[in-house]
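As structure tokens, the structure follows; a few thoughts come after it.
The values are calculated or read from the model by the stated rules, or taken from the named source; none is laboratory data. Small disclaimer: the values here were computed from a predicted structure and weren't measured. Every residue, glycine among them, receives a Cβ derived from its backbone with ideal geometry; neighbour counts consider all protein chains shown. Note: accessible area is taken over every heavy atom of the protein model, side chains too, but ligands, DNA and RNA are not part of it. Shrake-Rupley method; radii C 1.70, N 1.55, O 1.52, S 1.80 Å.
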Amino acid sequence: MQEVAPGVFMHQGAHEDLDEGYHGDISNIGFIIGNKGVAVIDTGGSQKVGMALLNALRQHTKLPVLYVINTHIHPDHIFGNAAFKQEGATFVGHAKLANAMTLRKDAYLRQGHDLLGDNFDGSEIVQPSVLVQSSQELDLGDRKLLLTPYPNAHTNTDLTVLDQKTGTLWTGDLLFIERAPSIDGDIKGWLSAISQLEQLKGIHYVIPGHGPATQDLAGALQREAAYLNVLLTDVRNAIQQGKSMEQTMDTAASSEAEKWQLFTPVNRRNVNLIYPQLEWE
């Protein structure tokens, strides 16, 4: 665990693709310790990873886990929830997260077993009982967290968590650093969310969904927006030129290729998602 700010702990996930070398530990996960208790922010891709997070947490505090907050629907962020059921925590997520979990449950469970085998044992979908529809505060005791939901962006379930005591912002996958940003929602909505994040004041530390923590929110958002804008422009141009989706996968955003890890597989999937959407503009 890395203590990014006083009482704010993060474990950085590995840059592995789901299709190759995946061990269930690719997202940034962690916790925030208040005077009354702890909030866990994302839990990893399996019950095993969640247990490792819980064990690490217990090396720093004996206070109860009051909340487990999932920043969005993706399996690398939610399957460690199972490790925290025994703690009696309240599970928290975006207003659309519970329904998204229901819709994707079977596919995600099959995928987890296929990718991780026995290391996925004990993993299950644990839905939030607190659904965040507008900005909402959680009190950890002398420490308030501001939760903000976003419209369809990286996914349709994105939620940020701001520790107001230290100015530490957990962005979930609204921000990728080093690892190529992956789209599962709406690229234009994501660019709008980035513009919203750029307006935030008093942010001293940033914990992205993937990649190292940073103190340069503006710079990190600009780099991500540059990729998304190039991708959007290139796919639009390819459609206008009559190029097929397969042809577009080979060329779109190629100018960004050297700037991101796992660029080729992630970018191809991004094109596969947004090409049909943009055809109907």
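A few comments on the model shown:
- Region 115-131, subset of a type in the set (Gly, Ala, Ser) and assigned to a loop (DSSP other than H, G, I, E, B), residue farthest from ALA95 (Cα to Cα): GLY122
- For ALA218, the conditions (1) open to solvent by less than 20 Å² (accessible area, probe 1.4 Å); (2) in contact with a helix residue (DSSP H, G or I) (Cβ under 7 Å, 6 or more places away or on another chain) all hold with the exception of (1).
- Within region 115-159, tally of residues that are out of contact with any Pro (no Cβ under 6 Å at 6 or more places or on another chain) and under 29 Å from ILE187 (Cα atoms): 27
- Taking the criterion of being surrounded by 19 or more Cβ atoms within 10 Å (Cβ to Cβ) and either in a helix (DSSP H, G or I) or touching an Asp or Glu at 6+ places or on another chain (Cβ under 6 Å) (or both), the residues of region 195-210 that qualify are LEU197, GLY209.
- Test: TYR150 is of a type in the set (Phe, Trp, Tyr), free of Cβ contacts under 8 Å to residues at least 40 places away in the same chain and in contact with a helix residue (DSSP H, G or I) (Cβ under 9 Å, 6 or more places away or on another chain): no
- Filter result for VAL49 (open to solvent by 10 Å² or more (accessible area, probe 1.4 Å) and over 25 Å from THR166 (Cα atoms)): yes
- Being among the aliphatic types (A, V, I, L, M), surrounded by fewer than 16 Cβ atoms within 10 Å (Cβ to Cβ) and either modelled with pLDDT under 95 or more than 19 Å from GLY189 (Cβ to Cβ) (or both) is a condition met by no residue of region 243-254.
- Criterion: within 21 Å of LEU278 (Cα to Cα), in contact with a Lys or Arg (Cβ under 8 Å, 6 or more places away or on another chain) and at pLDDT 95 or above - qualifying residue of LEU232, LEU228, LEU191: LEU232
- Residues of region 60-89 satisfying the condition of being closer than 19 Å to ILE26 by Cβ and open to solvent by 10 Å² or more (accessible area, probe 1.4 Å): HIS74, PRO75, ASP76, ALA82
- Filter result for LEU273 (over 17 Å from the mean Cα position of the chain (by Cα) and in a helix (DSSP H, G or I)): yes
- Scan of region 132-175 for residues that are in a strand (DSSP E or B) and open to solvent by 70 Å² or more (accessible area, probe 1.4 Å), ordered by number: GLU137, LYS144
- Residues of region 177-187 satisfying the condition of being in contact (Cβ under 8 Å) with a residue 60 or more places away in the chain and either open to solvent by less than 30 Å² (accessible area, probe 1.4 Å) or farther than 18 Å from GLN222 by Cβ (or both): ARG179, ALA180, PRO181, SER182, ILE183, ASP184, ASP186, ILE187
- Summed over region 10-29, residues that are in a strand (DSSP E or B) and surrounded by fewer than 24 Cβ atoms within 10 Å (Cβ to Cβ) total 3.
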